[in-house]
Each structure stands twice: as structure tokens, then as C-alpha cells.
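What follows is a short report on a single structure.
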Amino acid sequence: MTMDMDMDWPKPPSTLSKLCTRVKDFFNELTEEEKELTLGPNHLLAGRFAVVAPELIDEIAFFLTPLEINLFRLTCKYIEHSTFAQWERTCLASIQTDLSHRSFMRLSDLIVEEALAARVKKIVVTERNHGGLGKGFKWERILGTGYLETDQVAINMWTSLFQQFDNLTSIKVQRPYTAWDRDEWTLLTASDALTVIMQIMPRAHKPITAFELNFEAQSWNVIDLRRIRRTQLVGSPFNETWAKLRFLSLRLRVTEEEIAGVPYLLMHSCPNVKSLSLDCDGGEHAGQLLQYMAQNRMNAKWKLEEISLRKITVADVEDLGFFLQHHKRTLRKLKLHSITLNEPFIWPRVFALLRDNFPRLESIEVGDLRDFGDARRLVHFPNVSTTSTAQTEGVRFVYHAHTWPPMNPHAPKRNFYIAYQGDQMQTALRLMEEWAFYLVLGP
């Protein structure tokens, strides 16, 4: 085959020609009429995302923050429809309020839409943007004290609002890390907010099954006893309201013996709790609260299935034993983090106690366990990372290794955290008892 070298071959388009063609195509696309797309039997108007399966869009929405998902839903009707389940989960199932008048009006608008109000299951009371709590309302206090009047207009208005959320089952009172108490009495503090919620719930007659009190870790983030009357946390109406409570989570710094009485009274009014999470943030009187729980008859009423204890220094190791023993026939999950006992070399005996007396235990997590006597010691489990599954009779642990000392990148790694879940709990606890070694931290 021969090629005619004299024929006119088409010249490749120049860069300018390519640019002009792209501009022309762009303007044609802008002026072209959009085709009307429909979505299934509902015939919802949609944009170009309609070519994407709704299941895929739902998966994308799963990874978005509440703000991002709200912006994403503004794209088109198709996106709004496809992301409804995730929007309900992240933005509607749990809502926030700072007990201000502005928040009251916004939630009043929400309850007008009965279908949306019915989807609210949790309300979180927290300060937003450092604006304080309860702004815009007149909060009346008992003359000469910091205690709120229990029968006042603001509390009655919030009670009426809470009553409109038919499926409300969870309440959380949170004090953010950056919040601080103000000296003026016209606004509410987180301690005041707790008092308000304790007054609202008995009157609203809601079957609350979960309650959380979260004072995030900070030196001044403690309950203000000037604003909480402990007598308001007991009584027949209060007990009836919390009788259906199943999950109780308390995070607060117990810096005084009197402060320990507040969470204790809360727990005393919840005899049917199945899951307890207690984080005392290392407060020096946290052991007093555990002692109340171990020695009082309240503990006999509880049949806890899940226990999580964190940042507690136990003044008497028997208190921890008594408390756990009350639930030996029902306990299924146990978490112990940053627990310090006052007796040296005691943690292997704790594991032995769990192994011999807790037949239903199926999950355990421990980490940053300490004790002190003649010296301060930290428990670690070196064998968990060097022993094969065959050598542990099939028991497979989860563990985290960290360098120690932590500021030395060349220091050896230690296993301070270890967890197990399964049906070989007795073997796992026996191994934890044998593997528990101590690092001396100092006198």
C-alpha cells in the first residue's frame, strides 16, 4: 500500500480553536432547556443528581455533619427526599436548646409540624456561643438564696413545650468545656438548668428512659450547690417520673463531700436502671460517692447489666468489691478506666473476683488501672502482644500499645488498655490476672 504524500491532510486544531469550541459548548449547555426528571411514583422534581441511586446518596449523607447535611439537602428535591433518613437521625432525633426565649420560639414552631415533632426523641440542654442559658426569660429565685422558684412562668412554659414531644425518651444536661458560671442571677448556669429539668420532667409526665448529666472536664466545671436544693431531687412525683429510666450517665467532678450527694440522690430515684456510666473526673471525693453506692440499700434495688466507671480514686477497695458484687447475677458488660485503688498489688485479685463470681459477664474493658501503697503503680499487660491465640486457648484480646514515658518517642511501648468480648470470659480473666504487671511511677 502506498501513501500519497501530496494529498491535503487536515491540520490539527489550534489551541485558540479548542478554547473557542469549549466556550461555545459551555454557552450551549447554559441555554439548553433542562429536561424534567422525575423520581419514582412520587414524580418529585429533581436535578442532575437523579441519575445517582438514592441508596448511594443516603450512604454519602451518613458521613456528613449536621451543618453539611442541611446544606446538601438544599441542592434539589431529589437530594432532600433521598437524605431524609439521615437528616432525621442527625438533626431531628436529637435537638438542642439553651432554654432561652429565642430557642423556645423556634421549638414552638417545630411542634406545629406534628409529623416532625413526633420524630424528636432526645433534647440536649447546653449553652451555645457563650451566650448563657435562659436568656430572655425572667428567672425568679427564692429571696436571699440562689435557688430557683419551682413554680414560675418560665418553668411552666417550658413544661408545656416538652409535653408536645410525644416520643421524647432521652434528656441530656451538658456544660461545655468552655462554659463558665456567671455571677449575675438573671441567667441560668448548668446547675440551674439541672434544677429546671428536674422540675419539668415530673410535670410533663414523659416516660424518660435515658438521662445524661455531662459537666465536661475543667477545673471550675463543678456543680454549684448554691443553685441546687437537694430536697428537690427526691419525692413521690420525682420517683414516678424516673421509674422507667434504663440508662443513666453522670460525668461531673466531685470536689466536695456534699457534691457527692447530688448524683447519689439522682441514682437513688432510679431503681430500674440497667446501664450506669459514672465519670468523676478524678475529683478527690469521688470515692465517697462510690462508698454511698456500695453501702446503701439503694444498691440492692438495682440489677445493673452494664457498668462503666472512669476517673475514680477508691479510698477503700472493699467499696468497689461490694458495689460490683450487688450485680454479680446480672452484669454483662464492665468498663474500668483510670481507676485508682488504695491497696498495693490488688488488681489481680479484682480480676479473680470477676472470674469466680460473675457468670453472665460477656464483655470487659480496662485501661489506666493504678494502685498505691508504699508507691504509686500503673498496671500494664506485656504478654497480650507477645502471646499467640493458640497459646491463649483461642481467646483474642483487643489492646492498645503506647510509649512509656509518653514524652519519650524512643521509649518502649506498653499495653495499658486491654479488652475482651466473648463466651470464654473465665479464661480471659484468668489470663488478665496472670499478665497484670506493674510500673512504679514514684512515691
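Observations on the structure shown:
- Residues within the stretch 323-332 that are buried (at least 17 other Cβ atoms within 10 Å of the Cβ) and outside any loop (DSSP other than H, G, I, E, B), tallied: 2
- Check on Leu266, buried (at least 20 other Cβ atoms within 10 Å of the Cβ) and in contact with a Phe, Trp or Tyr (Cβ under 6 Å, 6 or more places away or on another chain): no
- On the stretch given as the stretch 242-282, residues that are part of a helix (DSSP H, G or I) and touching a strand residue (DSSP E or B) at 6+ places or on another chain (Cβ under 6 Å) total 1.
Conditions tested, residue by residue: (1) at pLDDT below 90; (2) within 17 Å of Lys335 (Cα to Cα); (3) aliphatic (A, V, I, L, M).
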| site | (1), (2), (3) |
| --- | --- |
| Cys270 | yes, no, no |
| Ser275 | no, yes, no |
| Glu284 | yes, no, no |
| Gln288 | yes, no, no |
| Gln291 | yes, no, no |
| Arg297 | yes, no, no |
| Ile307 | no, yes, yes |
| Lys311 | no, yes, no |
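- Any hit, the stretch 315-325, residues being over 26 Å from Arg349 (Cβ atoms) and among the charged types (D, E, K, R): no
- Residue within the stretch 291-309 that is among the charged types (D, E, K, R), in contact (Cβ under 8 Å) with a residue 12 or more places away in the chain and surrounded by 21 or more Cβ atoms within 10 Å (Cβ to Cβ) present: no
- Residue within the stretch 301-309 that is in the same structural domain as Pro359 (by TED's automatic domain parsing) and more than 23 Å from the chain's Cα centre (by Cα) present: yes
- Taking first residues from the stretch 211-228 that are assigned to a loop (DSSP other than H, G, I, E, B) and at pLDDT 85 or above and partners that are charged (D, E, K, R) and surrounded by 15 or more Cβ atoms within 10 Å (Cβ to Cβ), the Cβ contacts under 6 Å between residues at least 6 apart in sequence or on separate chains come to Arg227/Asp192.
- Filtering the stretch 294-341 to residues that are closer than 21 Å to Met432 by Cβ and among the polar types (S, T, N, Q) leaves Ser308, Gln325, Ser338, Thr340.
- Yes/no for Phe49 being at pLDDT below 80, surrounded by fewer than 11 Cβ atoms within 10 Å (Cβ to Cβ) and part of a helix (DSSP H, G or I): no
- Residue check for Thr231: in the same structural domain as Gly136 (by TED's automatic domain parsing), modelled with pLDDT under 85, surrounded by 14 or more Cβ atoms within 10 Å (Cβ to Cβ) and not in a loop (DSSP other than H, G, I, E, B): no
- Test result for Pro41, in a loop (DSSP other than H, G, I, E, B), surrounded by fewer than 11 Cβ atoms within 10 Å (Cβ to Cβ) and modelled with pLDDT under 60: no
- Exclusive hit being touching a residue at least 40 places away in the same chain (Cβ under 8 Å) and part of a loop (DSSP other than H, G, I, E, B), set Leu64, Leu99, Leu107, Leu143: Leu99
- Verdict on Gln199 being touching a His at 6+ places or on another chain (Cβ under 8 Å), modelled with pLDDT of 85 or more and within 19 Å of Phe104 (Cα to Cα): no
- Some residue of the stretch 324-347 being more than 24 Å from the chain's Cα centre (by Cα) and free of Cβ contacts under 8 Å to residues at least 24 places away in the same chain: no
- Among residues of the stretch 67-96, those that are touching a strand residue (DSSP E or B) at 6+ places or on another chain (Cβ under 9 Å) and assigned to a loop (DSSP other than H, G, I, E, B), counted: 2
- Residue within the stretch 116-130 that is among the acidic types (Asp, Glu), in a helix (DSSP H, G or I) and either more than 15 Å from Leu194 (Cα to Cα) or within 23 Å of the chain's Cα centre (by Cα) (or both) present: no
The values are calculated or read from the model by the stated rules, or taken from the named source; none is laboratory data. Source: prediction; values computed, not measured. Positions of Cβ are generated from backbone atoms using ideal geometry, with glycine treated the same way; all protein chains shown enter the neighbour counts.
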